[in-house]
Every structure is written in structure tokens, then in C-alpha cells.
1. Leaving out same-chain residues fewer than 8 places away, which lysines sit with a Cα under 17 Å from that of A:Lys574?
2. Among A:Thr51, B:Thr10, what is the fewest-to-most ranking by other Cβ atoms within 10 Å?
3. I'd like the per residue volume of the convex hull spanned by the Cα atoms of segment A:29-100, given in cubic angstrom.
4. Within 15 Å, Cβ to Cβ, of A:Ile18, how many net charges do the neighbouring residues add up to if Lys/Arg are +1 and Asp/Glu are -1?
5. Could you work out how far the C-alpha centroid of segment A:307-374 sits from that of segment A:145-188, in angstrom?
6. Quick check: convex hull over the Cα atoms of segment A:398-482, volume per residue in Å³, rounded to an integer?
7. Amide H neighbours of A:Phe581 under 5 Å, at least 5 residues apart or on other chains, H built in the peptide plane: list them.
8. Just name one of B:Ile132, B:Leu64, A:Tyr605: the one whose Cα is farthest towards the positive end of the charge dipole of the protein assembly as shown (beta-carbon charges, Lys/Arg +1, Asp/Glu -1).
Amino acid sequence: MGAAEKPLSRDTLIGKRIPKLDAPDKASGATRYIHDLDVPGALHAKILRSTQVHARIISIDTSAAKALPGVHAVITAADVPWQRPIGVGKDHLPLKTDRVRSLRDEVAAVAADTEEIAEQAQRLIKVTYEPLPVISNTTDATAPGASQLHDGHPGNVAMTFDYAQGDVVRGEAASDVVIEDVFRLHYVTHCCMGVSGVIAEFDPSGNLLLHSNTQVPFLHKREFAELLGIDPARIRIIQPPIGGGFGSKLDIYPFEPIVIFLAKITKRPVKLVFTREEEFIASPTRQPVLLKLRSGCRKDGTLTFRAVETVHDNGAYTSWGATTPFVMMQTMSSLYRVPDCQYHTKAIYTNNPYAGSFRGYGNLQATFAVEAHMDKLAEAVGMDGLAFRLKNAQDPGEVTPQGMHFNSCGFKECLTTAAARSDFLRKQAENRARWDDPTPVKRGVGIASMLHVGGGAKIYPSDGCGTILKIDDFAHVTLMTGASEIGQGSETVLSQLACEELGLPLSAVTVINNDTDITPWDVGVHASRTTFIGGNSAIGAARKAKAKILAAAAVKTELAPEALDLRDGCIVRKDDGKRLFELGKFLRSLHFSDRAELVMTSFYYEPPSKHQDTAFRGDVSAAYAWATQVCEVEVDTQTGIVRLLKVTAAHDVGRVLNRLGIEGQIEGGIVMGQGYAITENLMVENGVMRNANFRDYKLVTAPEIPEMDVTFIETMDGEGPQGAKGVGEAPAICIAAAVANAIHNATGTRIYSLPFTPENVYRALHGAAQPPRWGAAA
Amino acid sequence: MSANCEIAFTLNDVRRKLTVPAHMSTLEMLRDQLGLTGTKYGCGEGECGACTILVDGTTVNSCLMFAADCDGRELTTIEGVAVSEAGERLRAAFVASGAVQCGFCTPGLMVQASHVIEGHPGADEATIRRGIEGNLCRCTGYRKIIDAIGAAGRTALKGVEHGRS
């Protein structure tokens, strides 16, 4: 799109604090989420899940359930012999046939007049299981003779990634300092406040209408079509406003096809909404990782090599979680300059909950390890952590050995800004000097940085987004975009970008972004891509409309189109701003003229980045986001309680488009990162989730949030819409890493596994913790 | 299946008479029986605050209260709060402060916030934080919600002072 020719003299919408367009409805309780939609005649569905972690299904008796008045259908795999494997790995059927591999597994489903009857019927289904040995960790899964969870996956290896640049042996030989540590990262889950749900209905001609919370409607259209053996054109997906996504809605999950099966069989609309417990048990997690990192540097602080091995607990099936190494390796190879780097990873099947994509996509785990080593190496060569990082940080224009092009890169400015604003070096030295003080409550400060995709992500064959823009006779714009809103504010930002081109106020736009029969194609809302990709697409459509209007105005005024502009709802002379026509009036004159014309345009934006090659070399994004965060903590050495007091964040966001919106993204991400670091821990024991509720799974609450000081570094990316880059995932990525470094600064103890709950921290401080070991259970 | 109860109560200033199953929660009554979907189901066990309503002027997790226990009480839901003068002020503050993202927790927070402000119009930061600790939000990190409540409280306080003078 070309960076940011600075706007003309008039007022700009860019960089302002723009309230979200959907906020008044949401704050009034007027927004209708999927839970609030009632389709007349709809049946209510319930899914019967396995009571066994790993077992053979011997028999399922649905007769009593079927006999219950008000029950329309009770289905098992036997009723849908045509069902096909779903998900990223295509390794499981929506309804399981002869074997269950995790406690969430779907065994049968009911559609009934009411939710209550469906629940009752569900309890009447009798399933006989023959238990099989439970594989509850990756060590057992890879032990010789371990039973194989899926055919065609010997050793229970679900997926592997191998990447190498340079020669790590040479790199290690050239090192003055070499360190190696093992890190263990835990299970957490998305906890969207709106639980999962779907409504499916077929019309008499067999066309499927889905009301769905998916983040990828166009991809799902195709997947459901394959599943049903029908033309994708016969599937329409409408997304009601979504109560939180964070990556949890990127894959197809069994409940969606099951509800479709029930609708097909009963010939009635069928609605399913999860309970909160079900949401915990049957929606994806962030993948637990065991990570071994070996790093080195020279005496002068130059990084030499990094060798990484990781084992991911994939859970029972393969969803996006298995593919996160693809992002993790970028942090390993390219956050800092490392000549030699080697990365091996395996995702291993177990009988645990299966892992999906979650804000940051593996990068929280990778950054946790890398930034611990940056501190340790700095200390080993006697440099301060800031100078050591600055010495190895990327610069603009860098092409990394992995082949990533950092066209805009404000990394060093992020580092210096966050350090200066937090007075990092002074505080670090002071805290360290107090290690031997008798006071039980210690203060610590820690720094960590991150690199993440900021210009879309080449994961699918296309990373594009389409826009259709219509301007009516009253100069009102309808912006039809493929880009989905999940609460992040995309419809507001896209409106701003279109209005900026068309010289219109925000009140002149309606956004349509949730109906596959109307909106043009988009790959989905993920990878921090919507502002960048959807934004460039909206700008493209608006520029086409503008060109069309100005060409018509040029004919009427006998001025060149280049001499005209759109401002404040008028067509004006560019040089002196003289108003020539009121825009609505001019459009009406076009419409009702002899050669009637409506102003409608369409535009498709696909970023210029190319796909990586099979050795993972090349760009995955058209631009990259950078950030540094400094965390200040208080550690009570007598209780193990860690309080996050302050986060000073500096983010290279390209350019701020909506200041209010971007602050909200950063603050929300920081607090989500705080949860990952300190409070959240999904406890899975022998395949059983022990805390599938908000009482025992601790989200951060309002009294606990830190003071947040956020600075935006505006590097004006050449490909970004008005210079902007993506920011959605970035703020959650380095909190845990920075908190770990802060705990070390406070106490002298380095903790290699998350989360920093009082018990874990207390044990670590008092020498009662087992540090993670390679080869031990991930 | 189960016994029904006849109850009479005031809901958003309108008197209602209703027959509800004895085991029904107030949340289900509001959403399924009365079609007031602004009050949200977030967890069903009183941990998230998405279903917060006012009962006789006090905030309650409506998922934990039997509908039968509404008899003789005065209920205000987000639909009632949103059209009150204080609610409009609060909504304006939520919108202007950027306190809304996915919006699913917002109705519960609006109701809770209206209660906090009514009790403590000039509430300080710590009081506001404490006042909404029972409401979970996964998107915003709470910062802008706290700011919004503070701003609405200050506006309310100014209104009171102005009224006095």
C-alpha cells in the first residue's frame, strides 16, 4: 500500500483515540452473542463425552435416551458412517468409533426440545469401555514399547520441525561462554468469557446455514463442505459478535460437525452452547513444552550459537498447537543475531487435552528460554543485560540467516526506551545489592524482548483479504470486509482507514464483516494480521472509490482529477481546499444522470511476502513487530507470593492508528501474560483436568493488575496501512520471561519452569524444587 | 417434573408476575423466560460476574440465586441500568475510555460499576479495583474499565455538587 503519504492539511483520524463502534451496544447489554440467539423451532444439543482417558468403546446403548419424550435424535458414530476426520492433523472423527483417547472425546450426542431434556437423555446413554493404559506424558509416550495412539505415528510422534543455519559445532568452538538449561512450560487455556457455541440449520434444499464463533469462516466453509460432501457454495456462515477468541477458534472442533449432523438428521435447526466446565475440558490449550537450550557467546558479548531441542505435549489429537515450533524457531534464530542455530522439535501424542493456537503461538515459550539465557550470558561475560542485548539486537534492513527481512525494525529503540523509562539499570543494581538484606520481601526488575509477525503470516496458501465498498446517495459507506471482529476493534480501525481516504467522518460508515454470503474472502482473524491485511484491503477499496469519484468530478469541473480531493464530506480543490460539491449531492447527481453510476469498488490485498521454503528459510510475514517489556516485581520469600508491580513496555507498532484501541490491546495482552506467568495453571493429572472452573483456575482480577507504562515506537512500515504493523499477540509474549528475570534480580534464584505460583516459587527459593530435566515428563 | 412457583417482583421498574420452576436460576429466568439476554452466562457458579444484577440495591450473581427467591424483590438488570441516568453516564465512560473489547463481561461490569459508584461516588483507584474484583475480563486487562468507572464516578460527584449549589 505504500507507506503513509502524510495526510493533507485537514484533520486526520489516524492516531486519535477512537471509541469502538460496537461499544455502546455492548455496554448496554444489547449485543446478541450466539448464546442470545434463538432460532424458532431449534432443538438443543448435548454431547456425551468419554468418562475414560484412554479406552476401547465396547458398546453404546442409546435406547433409553431415545425413548425419552422430547428427544429427537441420539447419535453415535454408527449413525454417521460418512463422517470424516477433522482438524489440522485430520486424525480424529467428530464422533469416536471404537476408541477414546482423551477425557473430552465425543461418544454420542442428543438433540431434544429443551436443554434439560437433552441433558436427561445424555445421562441415559450407557457406554461400556475397556480401559487402556493411560499415556499421561511425553516420556511415557516415547518410551520403547509404548502403545501407539494413532496409526502411522510410530513413537507417538505427531509432528517434527528441524531447522539449521550455520554450524553450531563451529559456533560452540568459537564461544568463550557456553550454557545449557532445560525449561518447562505449563498448560494454560484461553478462557474466553463467551463459551463456545454453534447453531446449524439446513434449508429444504440442503443448504447449510451456520451461526458460528469461528475465527476462520471461509476456511470452515470449505472444511464443512468436504465433511458433508457438498459444494462449499451451499454453506453460509454467519458470525454473531464473538465473546473472545485469542486463537481458540482457529480449528474445526468436533462439536461443530456434531451439531451439523444432528441438524441434518432431525431436519431442524440445532443449537449447542457449552457449559463453562465443558469449555475448559473441550476447547484447546496452549501447548506444554519441555525445552533444552544451549547458547554461547564471546567475551565481548557477541552471540555465537544456539542449539534448541523441544518436546511438545500434543495431547490426543493434532491441532494448531503442533505447528507452533514454526514461530518458536524465528525467535531462536532471529530475535537477536545468532550466526549458528539449530532447532529440533517434536510434538508427541499423549492422552492429555489437545493443544491449539493461543495468542503468541509458541512465542511465549520460546521467549521465556531465550531471554533467560540473554541474562545469564550477559552476567557470565560481565556485561549489563541492556548492553548485552543492544549488542546483539537486530537493526532495520537486516536479512537474517533464516531469510527474514526486517524492513522496519525499532528493536533497539524499544530496548532503550523501556530501559530508560523504567530506570532499569539503576533498579537492577540496587535490587541486587539487597540480596543479603534481612527483609523477607524483595524487589526485582527484569527485561525481555520479542519478535513476532506484524504483517500477516504465510501459513495458508493465501494470506489475503477482500473488501467491497459501496457509497450510497447520501455519502454513506458500507464497508464489506472479510476480516472478522473478535473484540479487538478491527471494524473501528478499518472504518478509520476507509474514512481517512474518503474524507468522511466515522459516522458515515457501516461495517459488514460476518456473513460469508456477503463478505469477500479472508483467511481469518489470527497472527495479528487483521489491521495490516484487512486494513490495506480497505484502503485499496477506498482509493478506488475515491479515484472513481474524482474522475467524475473532474469531468464536471474541467479540472484534473489530481487537482481534486475529498475532505470533510465534500469534493474540494486540493490546493486551496475550496469546496466544489457536497459529496452526497454529487453522488446523487451521478446516480440520476443519463449515464447513471453507483459508486462500488472491490479490492483484494495479498501481502508481498513469499512463502518460506521447505527448510524454513524466508519470510513468513510482510513486516515484523518488536517489543521490550520491563517487569518490576515484589517477591515475598516467606510465602513465595510474587506480585507484578509495574510493566514498562515499548512496542514497535509501525504506527498508531487508534490510540485507544492499541492501548487496550497492549494492556489486555500484558495482563494475559501476567496470568501465564503467575496465576494460571491448568492442572492435568493422568489425563484428567483437575481445575476446570474459575475457582481453581485463576485468571488475574482487577486488584492484581500492574501499573502499565506503554510507549509506542512508530517506525512507519513501508508495507503497513498508514505505516502500521500488527500488535494483537505481541504484548502477551515477554511478560513471563521478564518476570523470571525479575525474580532472579530480586532473590538470586532462577526458576526454569512456569507458573510462578506461591508454591512453586517458595519451593524454588528454599531449595525444594526439582529443576526441569531433559527427558523427564514434558 | 418439578414444582412450579408463582412469584411477583419488580423488574427494571415494571411489576411482574411469573410462574417459574422451583429449580430455575434467576439467570435462566431472565434469559430464557423473559428474553432479557443482556445478563450473561459466563460460568454458572458465581465466579466470573458476567451475570451480575441488582437485587434490592445489592449486586448478586444471578446464576446462584433461585428465581423463586425473586418473590417480593426489586430486580434491576443491565437493560434497566443502561437506560438510567447513572447508567448512561457509565456507558458513555465505558465507551470513551475504551473499556469494551469483546464485550461479553461488560454488562456484568456495568451493573457492578453502577453499584460501586452509587456507594462511593468519588471512589479511589483501590476501592474501584476491589469493587470489581468479582468480575472477570479476559480482553482488556481491566485498566480501562477502572478508568471508566473512575471517570463516571467523578462526573456523578460533580452532578451532585452542582445540584447542591
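Throughout, read-outs are computed from the coordinates displayed, never taken from laboratory work. Just so you know, these numbers come straight off a predicted model, no measurement behind them. Cβ placement follows ideal geometry from the backbone for every residue including glycine, while neighbour counts extend to all protein chains displayed.
1. A:Lys6, A:Lys546, A:Lys548, A:Lys556
2. On the way: A:Thr51 12, B:Thr10 16.
Ordered by Cβ neighbours within 10 Å, fewest first: A:Thr51, B:Thr10.
3. On the way: hull volume 12.6 nm³, N = 72.
In segment A:29-100, the Cα hull volume divided by residue count equals 176 Å³.
4. Working: positive: A:Lys16, A:Arg17, A:Lys20, A:Arg655, A:Arg659, B:Lys144; negative: A:Asp11, A:Asp22, A:Glu485, A:Glu491, A:Glu500, A:Glu663.
Within the 15 Å Cβ shell, the charges total 0.
5. Result: 9 Å between the Cα centres.
6. With only Cα atoms used, segment A:398-482 gives 251 Å³ per residue.
7. Those lying under 5 Å, H to H, from A:Phe581 are A:Ile571.
8. Final value for the positive-end residue is A:Tyr605.
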